[in-house]
Every structure is written in structure tokens, then in C-alpha cells.
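Read the structure below first, then the notes.
The values are calculated or read from the model by the stated rules, or taken from the named source; none is laboratory data. Computed from a predicted structure; not experimentally measured. Note: ideal-geometry Cβ built from the backbone for every residue, glycine included; neighbour counts use all protein chains shown. Side chains included, ligands, DNA and RNA excluded: accessible areas come from the protein's heavy atoms. Shrake-Rupley method; radii C 1.70, N 1.55, O 1.52, S 1.80 Å.
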Amino acid sequence: MNMTTALGLVAGTLTTVAFLPQVVRTWKTKSAKDLSLPMLASFTTGVACWFFYGLWIDSLPIMLTNGITFVLAATNLILKLKYG
């Protein structure tokens, strides 16, 4: 693995993991009133676009980390719609 790929994986992992505490907190408290629906919707859409971009350019760090981030962001979006 080259340094560029390694850096991409580290950066993507850190930004992906940043979403986990919010998902866990929203799930536990059953409250998403402080989360912005427009932000969650635009961010989830943007992450999906990054994932497909990663597919098109065949970039493992972009595909892997944005695929996982999409799942977490979509989970937050769903929880916002459910508990918002």
C-alpha cells in the first residue's frame, strides 16, 4: 500500500468514526431535535456522490470510507425523520 492510499484511509476512517457517537446518542435518547434535517439530507447526498466518484476513479479509500459514512449519515437522517 502506498502512502497516498494509507493517508486516504486514515483520513476517511477518522471522519467516518466522527459520526458514530451521534448515531449512538440519537439511538439511545430517541431524540434528534437538535439535528438539522437540511444538513443531514445534503450531507448524506454528498457522501453518496463521493462514494460513486470513488467507484468511477477506482479509489479504495474514497469508496470504503464514504460507503461506511453514508450508512452512518443515512442512519442519522432516518433517526431524525423518526424522532425529529
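Some observations on this one:
- Exposed trypsin sites (Lys or Arg not before Pro) absent: longest stretch of the chain, with sites in DSSP loops and at most 10 other Cβ within 10 Å deemed exposed: 34-84
- Taking the charge dipole of the chain about its Cα centre, with +1 at Lys and Arg Cβ atoms and -1 at Asp and Glu Cβ atoms, the residue from Thr5, Gly67, Ile57 reaching farthest to the positive side is Gly67.
- Taking Cα centre as origin and charging only the Cβ of basic (Lys, Arg, +1) and acidic (Asp, Glu, -1) residues, the dipole magnitude of region 3-83 rounds to 500 debye.
- With all protein chains in place and a 1.4 Å probe, the accessible surface of the chain carries 73 percent carbon and sulfur.
- Helices meeting the span-like rule in the chain (full DSSP H runs, Cα extent of at least 27 Å along the helix axis, mean Kyte-Doolittle score of 0.0 or higher): 37-57, 60-83.
- Solvent-accessible ranking of Ile62, Ile78, largest area first, probe 1.4 Å: Ile78, Ile62
- Amide N of region 50-81 lying under 20 Å from the label point, which is placed 7 angstrom from the Cα of Thr13 along Cα→Cβ: 51, 59-73
- Accessible surface, per residue, of the chain when the full set of protein chains is kept, probe 1.4 Å, Å²: 67 Å²
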